[in-house]
Amino acid sequence: SGGEPLFENYLRQRGKALYTADSKIVFGAEDASEWFDMWAKFREAGACVTPDIQALYKDTIDTSPLTVGKAACDYAHSNQFVGYQAMVKDKLMLSNYMRIKPDSKGGHYRKPSMFFSVSAQSKVIDQAVDYVNFFVKNPDAAKILDVERGIPESKAMREVVAGTLDETGKVPLEYVSGLGDLAGPLPPPPPTGAGEGQVVLRTISEQVAFGQVKPADAGKQLVDEITRILARG
């Protein structure tokens, strides 16, 4: 429950989001409380790992409950699939995040793993744009980059890369290309302080999991803490 990408997907399925373009929090205490309560019920039913196992997960492939044999699945970015498969002897697959209701929105979006930007004050704008375009549109660059840093946005470049991939490498490419209406628009860039907000989410999630905070109180605590962080700018 402490993973921000999964929480964000949950919010998007509810027609909400994490942040606005002007650095305001979008979701409310009720949204967060219901999120924490859902995971509390998962724990009670034995549908997810116990808090002590989850607390050892450091957001690295080698510490994942899936990798260490404590869980049947994990939530991660698609470009991490090759790394996971290299460390897990069983054959893995990719699937979309669970839907909270049969008719809910997909909640996904195609998130760039890296961004390029060109300064408006640059004295070599044309050359800078050509440099960026090399990574985006050049077949040789696409082959070199492969899918480790993410799937090429360009369909033409995805087709170029597809011909060079092994069976494992094709899995994330086919998954991302086939999301269809499960994927919505890209949200605005996260505001200053969003990274600290991720830490707060994880901390409160662990407190709920260990029974130190009730889900109803945790929702308000999360919103209050993140609102305070964003107000600092």
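The values are calculated or read from the model by the stated rules, or taken from the named source; none is laboratory data. In this text the structure is predicted, and so the values were computed from the model without any measurement. Quick reminder, even Gly has a Cβ in these numbers, built from the backbone with ideal geometry, and neighbours come from all protein chains shown.
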Of these, SER104, SER119, which one is without any contact (Cβ under 8 Å) to a residue 40 or more places away in the chain and among the hydroxyl-bearing types (Ser, Thr, Tyr)? SER119
Looking for whichever is surrounded by 13 or more Cβ atoms within 10 Å (Cβ to Cβ), touching a strand residue (DSSP E or B) at 6+ places or on another chain (Cβ under 8 Å) and within 29 Å of GLN207 (Cβ to Cβ) here; the options are LEU66, LEU11, LEU6, LEU18. Which one fits? LEU18
Would segment 30-52 turn up any residue that is without any contact (Cβ under 8 Å) to a residue 12 or more places away in the chain, under 26 Å from ASN79 (Cα atoms) and either outside the structural domain of VAL200 (by TED's automatic domain parsing) or out of contact with any strand residue (DSSP E or B) (no Cβ under 9 Å at 6 or more places or on another chain) (or both)? yes
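Give, as residue ranges, the helices (runs of 4 or more DSSP H) completely inside segment 123-211 that count at least 1 residues that are aromatic (Phe, Trp, Tyr), in contact (Cβ under 8 Å) with a residue 12 or more places away in the chain and surrounded by 13 or more Cβ atoms within 10 Å (Cβ to Cβ). Outline the logic, then answer.
On the way: elements: 125-137, 139-145, 155-162, 167-177, 194-209.
The helices (runs of 4 or more DSSP H) meeting that bar are 125-137, 167-177.
Select from segment 126-147 the residues that are of a type in the set (Val, Ile, Thr) and either in contact with a Phe, Trp or Tyr (Cβ under 6 Å, 6 or more places away or on another chain) or not assigned by TED's automatic domain parsing to the domain that holds LEU165 (or both) and list them in ascending order. It would help to see each step written out before you state the result.
Of all residues in segment 126-147, those of a type in the set (Val, Ile, Thr) come to 129, 132, 136, 144, 147.
Of everything in segment 126-147, just one residue is of a type in the set (Val, Ile, Thr) and either in contact with a Phe, Trp or Tyr (Cβ under 6 Å, 6 or more places away or on another chain) or not assigned by TED's automatic domain parsing to the domain that holds LEU165 (or both), namely VAL132.
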Just one of (1) closer than 25 Å to ALA209 by Cα; (2) in contact (Cβ under 8 Å) with a residue 12 or more places away in the chain trips up THR20, so point out which. (1)
Report those helices (runs of 4 or more DSSP H) wholly inside segment 1-98 carrying at least 2 residues which are touching a Lys or Arg at 6+ places or on another chain (Cβ under 9 Å), aromatic (Phe, Trp, Tyr) and modelled with pLDDT of 95 or more. none
Answer residue from segment 67-92, given it is under 17 Å from the mean Cα position of the chain (by Cα) and touching a residue at least 24 places away in the same chain (Cβ under 8 Å) and is nearest to ALA216 (Cα to Cα) among those: TYR75
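One line per residue, one yes/no per condition, for (1) touching a strand residue (DSSP E or B) at 6+ places or on another chain (Cβ under 7 Å); (2) at pLDDT 90 or above; (3) closer than 27 Å to LYS41 by Cβ:
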| position | (1), (2), (3) |
| --- | --- |
| VAL129 | no, yes, no |
| VAL132 | no, yes, no |
| ASP140 | no, yes, no |
| THR168 | no, yes, no |
| GLN198 | no, yes, yes |
| LYS214 | no, yes, yes |
| GLY233 | no, no, no |
Of everything in segment 99-115, what is closer than 30 Å to PHE135 by Cα, assigned to a loop (DSSP other than H, G, I, E, B) and not hydroxyl-bearing (Ser, Thr, Tyr)? Give them in sequence order. GLY106, GLY107, ARG110, LYS111, PRO112, MET114, PHE115
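Go through segment 89-122 residue by residue and tally those that are among the hydroxyl-bearing types (Ser, Thr, Tyr) and surrounded by 11 or more Cβ atoms within 10 Å (Cβ to Cβ).
Going residue by residue through segment 89-122, those that are among the hydroxyl-bearing types (Ser, Thr, Tyr) are 95, 97, 104, 109, 113, 117, 119, 122.
Okay, now just the ones that are also surrounded by 11 or more Cβ atoms within 10 Å (Cβ to Cβ), so 97, 104, 109, 113, 122.
The total comes to 5.
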